[in-house]
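Asks: Dropping a structure here in structure tokens format, bear with me for questions.
The values are calculated or read from the model by the stated rules, or taken from the named source; none is laboratory data. The structure presented is a predicted model; accordingly, all values stated were derived computationally and were not measured. Counting neighbours? That spans all protein chains shown, and the Cβs are built from the backbone with ideal geometry, glycine included. Side chains are part of the model used for accessible areas, which takes the heavy atoms of the whole protein and leaves out ligands, DNA and RNA. Shrake-Rupley method; radii C 1.70, N 1.55, O 1.52, S 1.80 Å.
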Amino acid sequence: MRIVIKVGTSTLAHSTGRLNIRRVEELVKVLSDLKNSGNEVILVSSGAIGMGAGKLNMKEKPSDIPSKQAAAAVGQCELMYTYDKLFSEYNHTVAQLLMTGEDFNVENRHTNFSNTMNRLLELDVLPVINENDTVATDEIKVGDNDTLSALVAVTVGADLLILLSDIDGLYTADPHKDPDAVLIPEIHELTDSIMALGGDAGSSLGTGGMKTKLHAARLCVESGCDMIIANGAAPSLLYDICDGKAVGTRFIAGGK
Ligand code: GLU
């Protein structure tokens, strides 16, 4: 399978903004093993701004653009340093790709991206993708990594996109507020009532929330790619997903 896995800041970092070493080590180990068993793995990793803010001892995630971009510049280094070091332990080579919205909208850039990705995968490299937060401003940015990962999955013709988040999947209501909320295991159609479950909020470190995840689901299923939302707290659940077990919420692509 060609799988795109997106990890959010809340999965990679502690609430202090500092790297969650145990979590990242587990994630890298599982992804390496999935690659060893013959899957093509592409990682879309958030965390640049959150980790940069942690490293720069900022008390919370910055809100003004220059501070965000400065934090991203610092944090992206730490992210890639960590991935390079940990994946090397399992003999895997990583590549960094930093994207803006234009890379998907302008035809020759989109083609270049697609060609580069295919070549990297042929070379058995594990691409690690993030938005180019140091240059992306409103006019050119994708805006969130849920959408970015869906654009990547569609571009490379992935079989599956997995969004690892701090929630088990999509619930019938907000599980933090409603004790009767239940997890929806499978969604075959993104009806208005499903889209309305998106709400707004994200955690203090990440950008997404359910709304952007549902938007990503729409992009994926319309292009024939399944998408799963699952909890990133235990990366080993990726094995279950690849074994075809029901984990989190699965959005089934049209026609399946
Ligand atoms: N690109 C952002 C970062 O690396 C994250 C965006 C997102 O989580 O949606 O901090």
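Asks: Restricting the search to segment 209-230, which residues are more than 12 Å from the chain's Cα centre (by Cα) and either open to solvent by less than 10 Å² (accessible area, probe 1.4 Å) or polar (S, T, N, Q) (or both)?
Replies: Within segment 209-230, L214, A217, C220, S223, C225, D226 qualify.
Asks: With the condition kept exactly as written, say whether any residue in segment 112-132 is over 17 Å from T9 (Cβ atoms), among the small types (G, A, S) and out of contact with any Ser or Thr (no Cβ under 8 Å at 6 or more places or on another chain). Before the answer, list the steps.
Replies: At the first step, the residues of segment 112-132 found to be over 17 Å from T9 (Cβ atoms) are 112-127.
With among the small types (G, A, S) added as a condition, the list becomes 114.
Within this subset, residues satisfying the condition of being out of contact with any Ser or Thr (no Cβ under 8 Å at 6 or more places or on another chain) are none.
Among the residues of segment 112-132, not one is over 17 Å from T9 (Cβ atoms), among the small types (G, A, S) and out of contact with any Ser or Thr (no Cβ under 8 Å at 6 or more places or on another chain), which makes the answer no.
Asks: Next up: Hey, can you tell me all the residues within segment 1-26 that are over 20 Å from V156 (Cβ atoms), of a type in the set (A, V, I, L, M, F, W, C) and either open to solvent by less than 20 Å² (accessible area, probe 1.4 Å) or at pLDDT 95 or above (or both)?
Replies: L12, A13, V24
Asks: Next question. Among the residues of segment 94-105, count how many are away from the ligand (no atom under 16 Å from the Cβ) and open to solvent by 60 Å² or more (accessible area, probe 1.4 Å).
Replies: At the first step, the residues of segment 94-105 found to be away from the ligand (no atom under 16 Å from the Cβ) are 95, 105.
Next, from what is left, pick out any that are open to solvent by 60 Å² or more (accessible area, probe 1.4 Å): 105.
Residues in segment 94-105 being away from the ligand (no atom under 16 Å from the Cβ) and open to solvent by 60 Å² or more (accessible area, probe 1.4 Å): 1 in total.
Conditions tested, residue by residue: (1) surrounded by 13 or more Cβ atoms within 10 Å (Cβ to Cβ); (2) acidic (D, E); (3) within 16 Å of the ligand (Cβ to nearest atom).
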| residue | (1), (2), (3) |
| --- | --- |
| M117 | yes, no, no |
| L126 | yes, no, no |
| E131 | yes, yes, yes |
| V154 | yes, no, no |
| L160 | yes, no, no |
| S165 | yes, no, yes |
| D178 | no, yes, no |
| I194 | yes, no, no |
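Asks: Among what's in segment 26-72 and is farther than 29 Å from E89 by Cα and part of a helix (DSSP H, G or I), pick the residue that is nearest to the ligand (Cβ to nearest atom).
Replies: For segment 26-72, the residue satisfying everything is K68.
Asks: Assuming A136 fulfils every condition listed in (1) within 10 Å of the ligand (Cβ to nearest atom); (2) at pLDDT 90 or above; (3) not β-branched (V, I, T) apart from one, which condition is it?
Replies: So A136 meets the others, but not (2).
Residue-wise test of (1) open to solvent by less than 10 Å² (accessible area, probe 1.4 Å); (2) closer than 18 Å to V28 by Cα; (3) small (G, A, S).
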{"residue": "I49", "(1), (2), (3)": "no, no, no"}
{"residue": "A53", "(1), (2), (3)": "yes, no, yes"}
{"residue": "K59", "(1), (2), (3)": "no, no, no"}
{"residue": "I65", "(1), (2), (3)": "no, no, no"}
{"residue": "H92", "(1), (2), (3)": "no, yes, no"}
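Asks: Return the residues of segment 138-152 that are open to solvent by less than 40 Å² (accessible area, probe 1.4 Å) and not hydrophobic (A, V, I, L, M, F, W, C); say none if nothing qualifies.
Replies: Scanning segment 138-152 gives G143, D144, N145, D146, T147, S149.
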